[in-house]
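Values in this text are rule-based calculations from the coordinates and carry no lab data. Here the structure is a predicted model, which means the values were calculated and not measured. Reconstructed Cβ throughout: ideal geometry from the backbone, glycine too, with neighbour counts over all protein chains shown.
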Amino acid sequence: MGFVESEDALHEEAARIAGSDDFGDPSYLEGLRILLAAYDAEARFNDYGRAAARRMVLDTLVKRLRAEEQWAAAPEVLGHEIQAPIVICGLVRTGSTALHYLMGQDPDVQPLQYWLACNPQPRPARSEWAANPDFQRAKAEIDAMYEADASLKAVHFMMPDGPEECRHLLMQEFTDDGFEVNNHVPSYSEWYQQADMLMSYRRHRDLLKLIGSTDTRRPWLLKYPVHVRFLRTFLEIYPDACIVQTHRDPLAVFPSYVSLISGFRALNEAPIDKPEIARRQLELWATGLEDAIDLRRKRDASQFYDVHFSDFVSDPVGTVRSIYSHFGRSLSDAGELALQAWQEQNPQHKHGRHEYTREALEIGITNQVILDRFGEYMDYYGLKPESQP
């Protein structure tokens, strides 16, 4: 049975697992149906990849059901306000994960932990996490991934109780980068690039309200590079957000990102079309960054703070102090000690380097093409090539 034909069966199975059949606002069906059609017509699944895609869709439907059930049981959580969240976004592979983990050590902010991103629920007391079945499943998932390939730690480090990207929340509306990272689904990719993300970010906000309902005092700390491509809609939902945009020479990051996507695709598909991946990602990120520039020109500059990779590497904790100062906040003594301890215990490349060949050159996209396409971005933020093209 094809994916499109399985839509009803997937919903029925999800309802059996969750014990509920209220999937909430049907807006998610547009993205789901386009994705299922792309799986049938375009994806190049191996056996593992087909099963993994089905499991991902099913799990996402189950998570929708469980969120709707929790909101119905405690509607008062939706009355909580989310004020001035700190949001890290920007070009991929620019140090945003390291910055996120470092800032996440501050006891005066609340990051989105991996296990709660995967299984949104009111955040219990820290002492209760280890015994929570959802935490245990998240830990087992990460452990299994790193046992299968320890080098993945150098590509993207995760911990069940560590800060995680917002991607899991956006997936509930079937609008997320992960679907096209894992599989060749160009029709979904084109739809997603132009999608109206308003419902996605409304759900994102309401899931944060659910998770943070036991901690309404501390400001949120969020991170997802992809937010920069949908910044207009993001700021409709979070108009007072404190945007931290990370930057680096695209020549230093683009081949790494092509390598990363190729690696994920190789788990799920064959053959891997590296030229298609490179062309798609080059245009996607350059266009998104240009749109963000256009938006920033029209908004108060104080809402944004730019972090250049070299500055962060030179002084990680000092960078956090500067971010806080820009947004009128301060790093407490306890926060300073926590950040210093984390940085000392987790130096750059602790888990190894992400080794890759220069796919961008091997597939015919030269350094100069990359520089030209990201020209507006580099000019606006004063970026220079880290090496000669």
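Charge dipole (Cα centre; +1 on Lys/Arg Cβ, -1 on Asp/Glu Cβ; no other charges) of region 211-348 amounts to roughly 260 debye. Each of Ile88, Ile243, Ile34 was scored by other Cβ atoms within 10 Å of its Cβ. Listed from fewest to most, they are Ile34, Ile243, Ile88.
Is the chain best put as rounded, prolate or oblate by its Cα gyration tensor, with a ≥ b ≥ c the root eigenvalues, rounded for a/c under 1.5, and otherwise prolate when a/b is larger than b/c, oblate when not?
Numbers: a/c = 1.45, a/b = 1.07, b/c = 1.36.
Taking the square roots of the gyration eigenvalues as a ≥ b ≥ c, the chain is rounded.
Dipole magnitude for the chain: computed about the Cα centre from +1 point charges on Lys and Arg Cβ and -1 point charges on Asp and Glu Cβ, it is near 660 debye.
For the pair region 232-294 and region 174-208, the centres of their Cα atoms are 13 angstrom apart. Note on the chain: helix-only mean residue ellipticity at 222 nm, from DSSP H runs of 4+ residues weighted -39500 (n - 2.57) and normalised by residue number, equals -17000 deg cm²/dmol. Taking all Cα pairs closer than 8 Å and separated by 6 or more residues, the relative contact order of the chain comes to 25 percent. For region 22-69 versus region 368-389, the inter-centroid distance based on Cα atoms is 37 Å.
How far, in nm, would the chain grow between Leu295 and Gln194 when pulled straight, counting 0.36 nm per residue and subtracting the alpha carbon separation?
My answer for the length gained is 34.7 nm.
Summing +1 for each Lys or Arg and -1 for each Asp or Glu among the other residues whose beta-carbon sits under 11 angstrom from that of His204 gives +2. In a fully extended conformation the segment linking Ile272 and Arg202 would gain 21.7 nm over its present Cα-Cα distance, using 0.36 nm per residue. Label sites at Ala341 and Asp59, each approximated as a point 7 angstrom past Cα along Cα to Cβ, lie 3.2 nm apart.
Beyond 31 Å between alpha-carbons counts as too far, so tell me which of Lys63/Lys298; Lys274/Lys298; Lys209/Lys384; Lys63/Lys274; Lys223/Lys298; Lys274/Lys384 fall in that bin. Among Lys63/Lys298; Lys274/Lys298; Lys209/Lys384; Lys63/Lys274; Lys223/Lys298; Lys274/Lys384, the Cα-Cα distance tops 31 Å for Lys63/Lys298; Lys274/Lys298; Lys209/Lys384; Lys63/Lys274.
Near Gln340, once Lys and Arg are set to +1 and Asp and Glu to -1 for all other residues with Cβ below 13 Å from its Cβ, the sum equals -4.
The modelled label-to-label distance for the pair Asp143/Phe157, using points 7 Å beyond Cα in the direction of Cβ, is 2.0 nm. A Förster radius of 45 Å combined with the Cβ-Cβ distance from Asp47 to Val369 puts the calculated FRET efficiency at roughly 0.80.
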